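So that we are looking at the same thing, I have put the structure below in structure tokens.
Every read-out reported here was derived from the displayed coordinates using simple, explicitly stated rules and does not represent laboratory data. All figures in this text were calculated on a predicted structure; none of them were measured in a lab. Heads up, the Cβs are rebuilt from the backbone with ideal geometry, glycines too, and the neighbour counts pull from every protein chain shown.
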Amino acid sequence: MLLNSSFKGHFLAIFTIGVWGITFSSTKILLADFAPSEILFIRFLIAFVFLSALCRHSIGFCGLKYEVIFIFAGLFGGCLYFLAENIALQYTSASNASLLVAINPFFTGLLFAIFYHKKMSRFFIFGFIFACVGIILVIFQGNFHIEIYPVGDFLCILAGLTWSIYTLFLEMIFKHFKAYSHIVILKKIFFMG
């Protein structure tokens, strides 16, 4: 049983990484026919419908404080992140975008150290550097040639930072709504977004 759940977890993680990885190229292609805000709306609509089909449960009104936290989570983790990324892809390459957005774990670790007093261990820093080297090797495949697109690259870094801010709100939500599945929580975040 443990082997099956471990395999399932690894499979789902790899699947998620694959889907996430192709979004940069897919969005770059979609920008030929759609505005960044249209891609954002369609992505959210599809995600919300899919999450609603997976789980019919929902979180109703949960008090003004937590409604505001859900709104900010939807704003930073959905709207601002994807809008910044979609606009950035109009001005930079998909490879630059994927590399720059991959910096967000460092921002997240830094924000958690500041706001939640969680230490960034040397293993975290080593893992972050190791992951970045891996990303660079995969993206450039030995042909290290990078072009800088200031507006698009800055928006990618901003997108990564907004995602890190989203994780701060997500931490608050997960602490308070432990009884709910992550799908139910994500569905509410997407709705608010």
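How much length is gained on full extension from R122 to L137, taking 0.36 nm per residue of separation minus their Cα-Cα distance?
Gain on extension, R122 to L137, equals 3.2 nm.
Give the average over all directions of the projected area of the C-alpha convex hull of the stretch 11-112, one decimal, in nm².
If I average the Cα hull's projected area over directions, I get 8.2 nm².
How high is the relative contact order of the chain? Use alpha-carbon pairs under 8 Å, at least six apart in sequence, and give a whole percent.
For the chain, the relative contact order is 38 percent.
While we're here: When Rg is the radius of gyration of the Cα atoms in the chain and Rh is its Kirkwood radius, what does Rg/Rh come to?
That ratio is 0.97, to two decimals.
Could you list C156, C62 in order of exposure, starting from the residue whose Cβ has the fewest other Cβ atoms within 10 Å? Don't skip to the end; give the middle numbers.
Numbers: C156 28, C62 15.
Least to most surrounded, the residues fall as C62, C156.
A follow-up question, please. Please name which of G127, A35, N96 has its Cα lying farthest along the dipole of the chain towards the positive end, using unit charges on Cβ (Lys, Arg +1; Asp, Glu -1) and the Cα centre as origin.
Checking the options against the dipole of the chain, the answer is G127.
Oh, and also: Express in nm, to one decimal, how much length is gained between I157 and S52 on full extension, taking 0.36 nm for each residue of separation and deducting their alpha carbon distance.
The I157-S52 span can extend by a further 34.7 nm.
Something else now. Test of understanding: given the chain, find the longest segment containing no trypsin sites (Lys or Arg not before Pro) that are in a DSSP loop and have at most 15 other Cβ atoms within 10 Å.
That gives 57-117 as the longest site-free run.
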